[in-house]
Amino acid sequence: DAKTTQPNSMESNEEEPVHLPCNHSTISGTDYIHWYRQLPSQGPEYVIHGLTSNVNNRMASLAIAEDRKSSTLILHRATLRDAAVYYCILRSTGANSKLTFGKGITLSVRP
Amino acid sequence: DAGVIQSPRHEVTEMGQEVTLRCKLISGHNSLFWYRQTMMRGLELLIYFNNNVPIDDSGMPEDRFSAKMPNASFSTLKIQPSEPRDSAVYFCASSLSAGVDTGELFFGEGSRLTVL
């Protein structure tokens, strides 16, 4: 499986935008970039995913570099509830592909 | 709609006892994943199924662990005999996988297992 590299942690201020980086220099053409997050004492939850183009949904935006070797998850206005571990994961196409979690990045949000 | 339902939420048992964790998939989903989470090792994929068929069980620690899908909406993860090092939070997740763009995974709330 192609691997991702994320910083261990990041701090942000409430109501400010947050940019969470992810490097995936060995990404293959069939790998989707997925982001999940895990709030304290909960199971992981899906945030967003994309292949080549930038993606937006109600939770966040995903900006994908043109060479696809890096991506950035953007939370437009951080809230205290966004404090969590965020995982950037590569998942290949096809019904039998698996989702393998790394260590993720721990986001802290200051009031 | 009900999400992924796991039971029990908490289990405390003694070393050597059999443990069975249960998972009910979201209706209509066809893929099932079992994960284990510890502080030391993070989230580990144990096994996953697609259309009731085990696809990859390379993450199952050893023969003491077994997982089944007796029907399309239900799965069990069994540990026999249990050991203290099996203490962890066990998550199951389901998804609807079809075609090239695989679906998002929906996770249950987890089963916290403590083996004394």
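Observations
- Candidates per GluC sites (Glu not before Pro) in segment B:1-103, loop by DSSP, up to 12 other Cβ within 10 Å: B:GLU14, B:GLU18, B:GLU62
- For chain B, the calculated P(r), taken from all Cα-Cα distances in 10 Å bins from zero up to the bin holding the longest distance, is 15, 49, 29, 6, 0 percent.
- For segment A:1-44, the Kirkwood hydrodynamic radius comes to 13.0 Å, computed from all pairs of different C-alpha atoms.
- Hz values of 3J(HN,Hα) by residue in segment A:56-68 - Karplus curve (6.51, -1.76, 1.60), Gly and Pro given as x: 10, 9, 5, 8, 6, 10, 10, 9, 10, 4, 4, 7, 6
- Nearest-20 debye value, chain B charge dipole, Cβ charges on Lys, Arg, Asp, Glu: 200 debye
- For chain B, DSSP calls about 90 percent of its internal beta bridges antiparallel.
- Estimated inter-spin distance, A:LEU51 and A:THR30, nm [label 7 Å along Cα→Cβ]: 1.3 nm
- Restriction of the trypsin sites (Lys or Arg not before Pro) in segment A:23-98 to DSSP coil positions whose beta-carbon has at most 14 other beta-carbons within 10 angstrom yields A:ARG58, A:LYS69, A:ARG77.
- Within the same chain, lysines fewer than 8 places from A:LYS69 are excluded, and of the rest, those with a Cα less than 19 Å from its Cα are A:LYS3, A:LYS103.
- Over all pairs of different C-alpha atoms, the protein assembly as shown has a mean inverse distance whose reciprocal, the Kirkwood radius, equals 18.2 Å.
- Per-residue HN-Hα couplings for segment B:39-53 [Karplus 6.51, -1.76, 1.60; θ = phi - 60°; Hz; x = Gly/Pro]: 4, 6, 10, x, 8, 10, 7, 8, 7, 9, 10, 10, 6, 6, 9
- Estimated distance in nm for a label pair at B:ARG112 and B:GLN80, the labels positioned 7 Å out from Cα along Cα-to-Cβ: 2.7 nm
- If you take the alpha carbon atoms of segment A:44-95 and fit the smallest convex hull around them, that volume is 101 Å³ per residue.
- Once exposed loop trypsin sites (Lys or Arg not before Pro) are cut out (DSSP; at most 14 other Cβ, 10 Å), longest piece of chain B: B:42-116
- Among beta bridges that DSSP assigns inside chain A, antiparallel share in %, nearest 5: 85 percent
- Between B:HIS10 and B:ASN52, the distance separating the two model label sites (each 7 Å from Cα on the Cα→Cβ line) works out to 3.6 nm.
- Compactness of chain A, expressed as Rg and Dmax over alpha-carbon positions, Å: 13.3, 42
- Within the protein assembly as shown, percent of DSSP bridges classed antiparallel, to nearest 5: 90 percent
Here, each number is a calculation from the coordinates, and none is a lab measurement. Since the structure is predicted, the reported quantities are computational estimates derived from the model, not experimental observations. Reconstructed Cβ throughout: ideal geometry from the backbone, glycine too, with neighbour counts over all protein chains shown.
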